[in-house]
Amino acid sequence: MVIIMLIATEKNFEDIYNILKEAFPPCERRTKSGQKALFSLKEYKVFVDKDTPDVFMAIWDFKEFLFLEHFAVKKEKRGNAVGSAFFNEFISAANKPIIFEVEPPENKTSARRIKFYSSLGAKLNNFDYIQPSLQENQPSIPLRIMSYPTQLTDKEFSSYKQTILRKVYNINNF
């Protein structure tokens, strides 16, 4: 069983940011200083395996739902069920819906990622969604929303999307 804990050390941040850079393109991650600044926000939490930072999960804990912003496994540890165990432990402890963004299933990698999350019980929703860039001079990205444990209603999606845009991406006029 994977045991998760809140990241609390400078060393863990460096390890996590290196995995983040390896797993996500610049338009899907913040700068190092921008990422580090999130730790001062009460809604933002990052979890890692207590024994090794080979896997991490960055979430926003809102009143009505959890927004999973980043989830990644160190490249050399992928394919060993580390991510599945970590995700399963997270969802078993969650006491509210979990929402996250994925690339549309337009290539093998994104289709495989959606299949991975679906095998763990997440649902792919059919809503139009654009992720604003997390760095200057990077494009916004058309993504899809997955949810756990059920698909979202139109009303839920609209409400959750407004919270995400306002709190995660600092966009107030939508």
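Below, the figures for the structure above:
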| quantity | calculated |
| --- | --- |
| Alpha-carbon gyration tensor eigenvalues x 5, square-rooted, for the range 82-174, Å | 22, 17, 13 |
| Estimated [θ] at 222 nm from DSSP helical runs (n ≥ 4, -39500 (n - 2.57)) normalised by residues in the chain, nearest 500 | -9500 deg cm²/dmol |
| Ellipsoid semi-axes in whole angstrom, largest first, where each is sqrt(5λ) of the Cα gyration tensor of the range 5-87 | 19, 15, 13 |
| Rough spin-label spacing in nm, given labels placed 7 Å along Cα→Cβ, for K63 and R112 | 4.2 nm |
| Answer label, with semi-axes √(5λ) of the Cα gyration tensor in Å calculated from the coordinates and candidates (1) 22, 20, 17; (2) 25, 17, 16; (3) 34, 19, 18 | (1) |
| Anchor K74: lysines whose Cα lies under 18 Å away (excluding residues fewer than 8 positions away in-chain) | K11, K21, K32, K50 |
| The range 15-57-the range 76-129 distance, computed between alpha-carbon centres (Å) | 17 Å |
| Solvent-accessible heavy-atom area per residue, rounded to whole Å², over the range 14-100 at 1.4 Å | 45 Å² |
| Efficiency of FRET between D128 and N172 - r from beta-carbon atoms, R0 25 angstrom, step 0.05 | 0.80 |
| Rg(Cα)/(2.2 N^0.38 Å) for the range 106-158, N = residue count | 1.28 |
| Sparse-neighbour loop sites [trypsin sites (Lys or Arg not before Pro); the range 9-79; at most 14 other C-beta within 10 Å; DSSP] | K42, K50, K63, R78 |
| Whichever lysines have a C-alpha closer than 21 Å to that of K96, once near sequence neighbours (fewer than 8 apart) are set aside | K42, K45, K63, K123, K155, K161, K167 |
| Percent carbon-and-sulfur accessible area, the range 46-174, ignoring ligands, DNA and RNA, probe 1.4 Å | 46 percent |
| Sparse-neighbour loop sites [GluC sites (Glu not before Pro); the range 45-150; at most 15 other C-beta within 10 Å; DSSP] | E64, E106, E136 |
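The values are calculated or read from the model by the stated rules, or taken from the named source; none is laboratory data. Just so it is clear, the model here is predicted, and its values are computed rather than measured. Backbone-built Cβ (ideal geometry, glycine too); neighbour counts: all protein chains shown. For accessibility, only protein heavy atoms count, side chains too; no ligands or nucleic acids. Shrake-Rupley method; radii C 1.70, N 1.55, O 1.52, S 1.80 Å.
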